[in-house]
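What follows is one structure encoded as structure tokens, with my remarks underneath.
The values are calculated or read from the model by the stated rules, or taken from the named source; none is laboratory data. Just so it is clear, the structure is predicted and the values come from calculations on it, not from any experiment. Quick reminder, even Gly has a Cβ in these numbers, built from the backbone with ideal geometry, and neighbours come from all protein chains shown.
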Amino acid sequence: MNMTMLSERSYAKEYMAMNPEKKMAYSGPLHSVLVVDDELIVATELAYHLEMNGYAIAGIAGDGEDAITLACRTRPDVIIMDIDMPGETDGIAAAQRIRRNLKSRIIFTSGHRDDDPRVRKVLDEGRHSFVGKPYPKELLYAKIQEVL
């Protein structure tokens, strides 16, 4: 994957254009996942692993505003959203705006642990799931299945 091609904050079109030849080994119904993380390497690696495990990638967003735009356009089944995002719209604010219009399930990620007040707030709402970074991919796959 040529990382220099991904120069904008929203990477969905570029990601899809760079990966048209991918074939899924999974034959069941595809669930779509939107990956939201401001760390491009983390986001693209996660998208790659999800795709290789049978998920359709709805897109990759690098900030909260792009997450809102892509979610409304692609209507993913699941959104994996980093809490700490650049700009005025962090992951929590983006999720609140997305949930006004969509029923996408949201799994928050963060380098902060579950005793952080923002993480506690998300968990106390009960509508979202949380995985602390760094996370084993198997744990994230289990969380995805749990919310579906």
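Go through (1) surrounded by fewer than 18 Cβ atoms within 10 Å (Cβ to Cβ); (2) at pLDDT 85 or above; (3) touching a helix residue (DSSP H, G or I) at 6+ places or on another chain (Cβ under 9 Å) and name the single condition L139 misses.
(3)
Looking at the stretch 25-44, I want the residues that are at negative phi and aromatic (F, W, Y) and have a partner that is at pLDDT below 90 and assigned to a loop (DSSP other than H, G, I, E, B) with Cβ atoms under 8 Å, at least 6 apart or on another chain. Which pairs are those?
Listed pairs, sorted by first residue: Y26/N53; Y26/G54.
Answer yes if at least one residue in the stretch 11-20 is small (G, A, S), part of a helix (DSSP H, G or I), modelled with pLDDT under 95 and under 23 Å from Y141 (Cα atoms), and no otherwise. Don't jump to the end; show me each part of the working.
So in the stretch 11-20, the residues small (G, A, S) come out as 12, 17.
Going one step further and asking which of them are part of a helix (DSSP H, G or I), we end up with 12, 17.
Filter again for modelled with pLDDT under 95, leaving 12, 17.
Going one step further and asking which of them are under 23 Å from Y141 (Cα atoms), we end up with 12.
Within the stretch 11-20, one or more residues are small (G, A, S), part of a helix (DSSP H, G or I), modelled with pLDDT under 95 and under 23 Å from Y141 (Cα atoms).
Please tell me if A71 is at pLDDT 90 or above and either farther than 16 Å from F130 by Cβ or assigned to a helix (DSSP H, G or I) (or both). Before you say what the answer is, go through the steps one by one.
On the way: at pLDDT 90 or above: yes; either farther than 16 Å from F130 by Cβ or assigned to a helix (DSSP H, G or I) (or both): yes.
Criteria met by A71.
Got a number for residues in the stretch 114-136 being crowded, with 17+ Cβ neighbours inside 10 Å and at pLDDT 75 or above?
Result for the stretch 114-136: 3.
What are the residues in the stretch 93-113 that are surrounded by 12 or more Cβ atoms within 10 Å (Cβ to Cβ) and assigned to a loop (DSSP other than H, G, I, E, B), if any?
L102, S104, H112
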